[in-house]
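K.L.:
Sending over a structure as structure tokens; questions will come in a sec.
Just so it is clear, none of the values below were taken in a lab; they were calculated from the coordinates. None of these values were measured; they are calculated from a predicted model. Here Cβ is always computed from backbone atoms with ideal geometry, including for glycine, and neighbour counts include all displayed protein chains.
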Amino acid sequence: MKIVVCVKHVAVLGDEIRFTTDERDVDEDYYDRTLNEWDACAAEEALRIRERLGGEGEVLVVTVGGPSADVALQRCLAMGADRAVRISFDQTVHDPIAIGHALSEAIVPEQPDLVLVGVQSSDSVQGSTGTALAQFLDLPRVAVVKKVEYDHATRRATCHRELEGGLVDVVEVDTPAVLAIQTGINEPRYPTFRAIKDAERKEISLVSAAGGAVSGYHVRRMFVPPKPEGAEMLDGGPADVARRIAEIVKERLA
Amino acid sequence: MNGTLVVAEHLRGELRDVTFELVAAAAEIGGPVSVAVIARDPSLFTDALSVEGVDEIVTVQAEAEEFENDVYQQVIEALIEDRGPGFVLLGFTVNGMGYGPAVAAKLGLGFASDVFRLSREEDGLLARRAFYGAKVHAEVDFPGKERVLLMLRPGAWAPAEGRGDPTITDLSVQVTAPRARHLKLVDPPAGDVDITAADFLLSIGRGIGTREEIPRFEALAGKMGATLSVSRPLVDAGWMTNARQVGQSGKTVRPKVYLALGISGAVQHLAGIKGDGTIIAVNTDPEAAIFGVARYGAVVDLFEVAEALAELFA
Ligand SMILES: Cc1cc2nc3c(=O)[nH]c(=O)nc-3n(C[C@H](O)[C@H](O)[C@H](O)COP(=O)(O)OP(=O)(O)OC[C@H]3O[C@@H](n4cnc5c(N)ncnc54)[C@H](O)[C@@H]3O)c2cc1C
Ligand SMILES: Nc1ncnc2c1ncn2[C@@H]1O[C@H](COP(=O)(O)O)[C@@H](O)[C@H]1O
């Protein structure tokens, strides 16, 4: 049993935003990074699927990113993943088609039984990389999965796909397949301090992919959207704000 | 380039609202506009789809009653081959996510998802989407692409209405056996509260930090005469039931006042707030996306405001 999990080291902006000189992205110095919330759930689910199968097999985590993305991989290694691969890219891209293609090149030789991704990356919100990846791998896929029952004997998985309004579509999928994992499916484990230290010593293999050959879109410019007209910021301390809120509530409910 | 192809979305025999929003966007890009409807009995949908802006309805018969991503992918690929549209529009929905990016990847199309605005420039189409927790917007284009597939944000276009008189074409597409098969639909459990009926919602998000804080907001909601609602992370964590969740995968609400404490304003959360009620947002991050939709905003600690409110409504 081999499960590949694709994880992204996502950017988290603070309250000061600066752009690169070409204005096509945010300046890296103005954000922090963390393991994408959805991908932590995907990694946890991979570990649980393996545990349910008696612990046999391998969980491999893969990311596309620069050296700083090793932190996200280490986090997954500390959670219990066995091996990590970082695909270095010659440009920073958000493009799900380009990322999906780069991921597929590293995943094809692994011949996994399952590939798990997150529903979306919190910094790009595209909900697309997994489905693009599935196409490049020529695999079936299920998007927005809140429950997985994997049957290794029949090589099928029954998935609960969460639709709008919380309606569930129960789907049976042939595997290998790409499953995009939704939050709430599990609560990702916190690695122990010891596991974190041990993970720092695990090796991360590095492969490189040429960016740009396959793409979906090109960013022309990024900017901070203007606040809508008519919006009003309430000044003062908490007591002043509370008083204004009370007034507004009274007025609107009258 | 030859017109725009819109893919209709339906569930349990009903067309979903996003379909008519896609038609409106297609009309904006420029016609002719074809709408594809894939169903066991597509004729059930042709009357409802005959709205202004639709030039042609293409009906494609499929075996399964509900959506299957392999079927949609193969039919749309066949339609692209047959019609050669310049633009293909799908909803940025759970169904769309299952096949849109695969069609684009396979055919080498220009592609972007969660697009909420379009404009036509001399050198092609410009699409607007958000990045970085919706704090930043981007204009993206598709240089060198003959065809572009876009997944549009539900609710971003006013739905097309008014009667139209489209031609109806039947297309038969041979599809291979789906690898992911629809088995059944299961409704979410009925809740103990109905937040959709409330005039005043006090809505709390991940900013409250821990489960132990919830009782104080329940008490505050009681004092203020509000109904308590939440963002998704509180439901994911098991602190609250899905019945109280506002958003795309929760409930759609139309309150007169929506007081949001510690909610960042993710697109899927905002998707659940409709109507012309007053949104008041309290968040310590001045760049939080919720301030982009709020009528009133305050950059202060939510606990301090909650305490002051509790005193006022004692
Ligand atoms: C397919 C899909 C469907 C989804 N459906 C839904 C849905 O139905 N509903 C939903 O809500 N989400 C939904 N989501 C999740 C959504 O993308 C966001 O992850 C979620 O809405 C974030 O919730 P939040 O704003 O509470 O948390 P966060 O984004 O973590 O925001 C917390 C906010 O609290 C602020 N804060 C922290 N401390 C304080 C303080 N002391 N005082 C004031 N402010 C503070 C922070 O500045 C931050 O802005 C869905 C996602 C997907 C992919
Ligand atoms: N740079 C990346 N490296 C590895 N996986 C990624 C990367 N970007 C996106 N993904 C995967 O694709 C999912 C969806 O991302 P997106 O399509 O950007 O919303 C994420 O949850 C990850 O599992």
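K.L.:
Just list whichever of A:Lys147/B:Lys184; A:Lys8/B:Lys145; A:Lys8/A:Lys197 have alpha carbons separated by over 19 Å in the model shown.
P.N.:
In this structure, A:Lys8/B:Lys145; A:Lys8/A:Lys197 exceed 19 Å between Cα atoms.
K.L.:
Still on this model: Looking at chain B as a GNM with Cα springs under 10 Å, which of B:Gly96, B:Gly262, B:Gly209 has the largest mean-square fluctuation?
P.N.:
Ranking B:Gly96, B:Gly262, B:Gly209 by mean-square fluctuation puts B:Gly209 first.
K.L.:
Report D for the stretch B:195-312 in µm² per second (integer): Stokes-Einstein, Kirkwood Rh on Cα pairs, 4 °C, 1.567 mPa s.
P.N.:
Stokes-Einstein gives a translational diffusion coefficient of 94 µm²/s.
K.L.:
Kindly flag which residue pairs out of A:Lys146/B:Lys106; A:Lys202/B:Lys135; A:Lys227/B:Lys256; A:Lys227/B:Lys223; A:Lys250/B:Lys274; A:Lys2/A:Lys146 have an alpha-carbon separation exceeding 24 Å in this structure.
P.N.:
Over 24 Å apart, Cα to Cα: A:Lys146/B:Lys106; A:Lys202/B:Lys135; A:Lys227/B:Lys223.
K.L.:
I've got another one for you. With a/c under 1.5 counting as rounded, go ahead and sort the stretch B:105-152 into rounded, prolate or oblate using the C-alpha gyration tensor (a ≥ b ≥ c being the square roots of the eigenvalues; past the cut-off, prolate if a/b is larger than b/c, else oblate).
P.N.:
oblate
K.L.:
From the alpha carbon gyration tensor of chain A, can you work out the equivalent ellipsoid semi-axes (sqrt of 5 times each eigenvalue) and give them in Å, largest to smallest?
P.N.:
Equivalent ellipsoid semi-axes, largest first: 35, 24, 20 Å.
K.L.:
On to the next question. For a quick check, take a GNM of chain B with Cα springs below 10 Å and name the residue from B:Glu65, B:Glu52, B:Glu121 with the largest mean-square fluctuation.
P.N.:
Among B:Glu65, B:Glu52, B:Glu121, the largest GNM mean-square fluctuation belongs to B:Glu121.
K.L.:
Here is a follow-up. Can you give the FRET efficiency to the nearest 0.05 for A:Leu167 and B:Leu312, using r as the Cβ-Cβ distance and R₀ = 51 Å?
P.N.:
After rounding to 0.05, the efficiency reads 0.80.
K.L.:
How many percent of Cα pairs in the protein assembly as shown exceed 34 Å?
P.N.:
Summing the P(r) tail past 34 Å for the protein assembly as shown gives 41 percent.
K.L.:
Restricting to bridges with both residues inside the protein assembly as shown, how much of the DSSP beta-bridge set is antiparallel, in percent to the nearest 5?
P.N.:
35
K.L.:
Determine the percent antiparallel among the DSSP beta bridges restricted to chain B, to the nearest 5.
P.N.:
20
K.L.:
State to the nearest 20 debye the size of the charge dipole of the stretch A:131-172 about its Cα centre, where the only charges are +1 on K and R beta carbons and -1 on D and E beta carbons.
P.N.:
100
K.L.:
Continuing with the same structure: Under unit Cβ charges (Lys, Arg +1; Asp, Glu -1), what dipole magnitude, rounded to 20 debye, does the stretch B:81-192 have relative to its Cα centre?
P.N.:
My answer is approximately 360 debye.
K.L.:
At R0 = 25 Å, how high is the FRET efficiency between B:Glu218 and B:Ala190 if r is their beta carbon distance? Nearest 0.05 is fine.
P.N.:
According to the calculation, E is roughly 0.75.
K.L.:
Of B:Ile290, B:Val257, B:Gly209, which is farthest towards the positive pole of the stretch B:195-312's charge dipole, taken about the Cα centre with +1 and -1 on the beta-carbons of Lys, Arg and Asp, Glu respectively?
P.N.:
B:Val257
K.L.:
Then there's this: If the only charges are +1 at each Lys and Arg Cβ and -1 at each Asp and Glu Cβ, what is the size of the charge dipole of the protein assembly as shown around the Cα centre, to the nearest 20 debye?
P.N.:
Result for the protein assembly as shown is approximately 920 debye, rounded to the nearest 20.
K.L.:
Also, quick follow-up: At what distance in angstrom do the alpha carbon centres of the stretch B:51-127 and the stretch B:18-32 lie from each other?
P.N.:
With the stretch B:51-127 and the stretch B:18-32 each reduced to a Cα centre, they are spaced 12 Å.
K.L.:
Can I ask one more? Using a basic spin-label model with each label point 7 Å from the Cα along Cα→Cβ, how many nm lie between A:Leu53 and A:Asp138?
P.N.:
So the two model labels end up 2.2 nm from each other.
K.L.:
Taking chain A as a Gaussian network, where each spring joins two C-alpha atoms under 10 Å apart, which residue of A:Asp70, A:Asp174, A:Asp235 fluctuates the most?
P.N.:
Comparing A:Asp70, A:Asp174, A:Asp235 in the GNM, the peak value goes to A:Asp235.
K.L.:
Considering only DSSP beta bridges where both residues belong to the stretch B:4-170, give the percentage that are antiparallel (nearest 5).
P.N.:
35
K.L.:
Based on the alpha-carbon gyration tensor of the stretch B:170-253 and its eigenvalue square roots a ≥ b ≥ c, which shape applies: rounded if a/c is under 1.5, prolate if not and a/b is larger than b/c, or oblate?
P.N.:
prolate
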